[in-house]
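Peer 1: To start, I am sharing the structure in question, which I have written as structure tokens.
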């Protein structure tokens, strides 16, 4: 089996759509279809169900796991040889849902190791475990649970998540607020999948409620600005209050014991971490997180 064919299979498996995969790979769709057909012929079984929409089947999922690990090991081998040969200071690949939280340790790492290349990858939590096991990234920082099989992790910090309001809002002077009291409020929040949105949905669903969302955005740094402008209110982690660029908003604790987030660093249990990644892991785990000091996330 050719390595290019295996890499192409992984893209089709991830997207479950031939034309989109061909577009991402910059290949003609008939050529990609033939590659997948040859793989299936070599394996003696279909890898996809083709009834209506293309779907990875059970055999395809088993094969995908092995291909990810095999290609990951090849890449790790190349990096290990380069490291052993002293070819440059190295690269560390870090994935996270948000990098505002990590700005402090990242800046400290870059000051201490200016020649190391830091490759940052935004990643949803449901994709992190796969990317670590496939050795596409070295480290992941998640604000919500991810599958732990084959991973090692260390909790960095846990913090309270409150609600941010415009300064003149009726809730702004409160010392705490319940989720029920927020039921009719307009919310500014992140899109589905982001930890902030999932926490909001969980808090409301636990009480049989649905949040009234007036704005959802991929620009998470703009949420505070939109709240400050009076468009609505929104959940905000305690650490966000220390951001120098934070728009003026009031922050009120939510009277709910599980309105919190735990930020965790993950890496592959069997992965060979290069020296640059090991140094990054040390900087992040030993960082003094001052989450209680006061709206970034």
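The values are calculated or read from the model by the stated rules, or taken from the named source; none is laboratory data. Not measured: the values here are computed from a predicted model. With ideal geometry, Cβ positions are generated from the backbone for all residues, glycine too; neighbour counts draw on all protein chains shown.
Peer 1: How about region 119-218: which strands (runs of 3 or more DSSP E) wholly inside it have at least 2 residues that are under 15 Å from the mean Cα position of the chain (by Cα)?
Peer 2: Working: elements: 139-142, 151-165, 186-190, 212-217.
It comes to 139-142.
Peer 1: Can you tell me which of 239, 233 is at pLDDT 90 or above and crowded, with 18+ Cβ neighbours inside 10 Å? Give the steps one after another, and end with the answer.
Peer 2: Working: 239 fails: at pLDDT 90 or above.
When all the criteria are applied, what remains is 233.
Peer 1: Then there's this: Within the bounds of region 140-147, is there any residue that is out of contact with any strand residue (DSSP E or B) (no Cβ under 6 Å at 6 or more places or on another chain) and farther than 27 Å from residue 202 by Cα?
Peer 2: Checking region 140-147: not a single residue is out of contact with any strand residue (DSSP E or B) (no Cβ under 6 Å at 6 or more places or on another chain) and farther than 27 Å from residue 202 by Cα.
Peer 1: So, in region 251-297, exactly how many residues are in contact with a helix residue (DSSP H, G or I) (Cβ under 8 Å, 6 or more places away or on another chain) and at pLDDT below 90?
Peer 2: So the answer is 15.
Peer 1: Condition (residue is modelled with pLDDT of 85 or more and farther than 17 Å from residue 3 by Cα) applied to region 62-85: is it met by at least one residue?
Peer 2: Yes, region 62-85 has at least one match.
Peer 1: Which one of the conditions (1) modelled with pLDDT of 90 or more; (2) exposed (fewer than 13 other Cβ atoms within 10 Å of the Cβ) does residue 94 fail to meet, given that it meets all the rest?
Peer 2: Among (1) modelled with pLDDT of 90 or more; (2) exposed (fewer than 13 other Cβ atoms within 10 Å of the Cβ), residue 94 violates only (2).
Peer 1: Condition test on residue 209, is it surrounded by 13 or more Cβ atoms within 10 Å (Cβ to Cβ) and in contact with a strand residue (DSSP E or B) (Cβ under 7 Å, 6 or more places away or on another chain)? Steps first, please.
Peer 2: Values: surrounded by 13 or more Cβ atoms within 10 Å (Cβ to Cβ): yes; in contact with a strand residue (DSSP E or B) (Cβ under 7 Å, 6 or more places away or on another chain): no.
For residue 209, the condition - surrounded by 13 or more Cβ atoms within 10 Å (Cβ to Cβ) and in contact with a strand residue (DSSP E or B) (Cβ under 7 Å, 6 or more places away or on another chain) - is not met.
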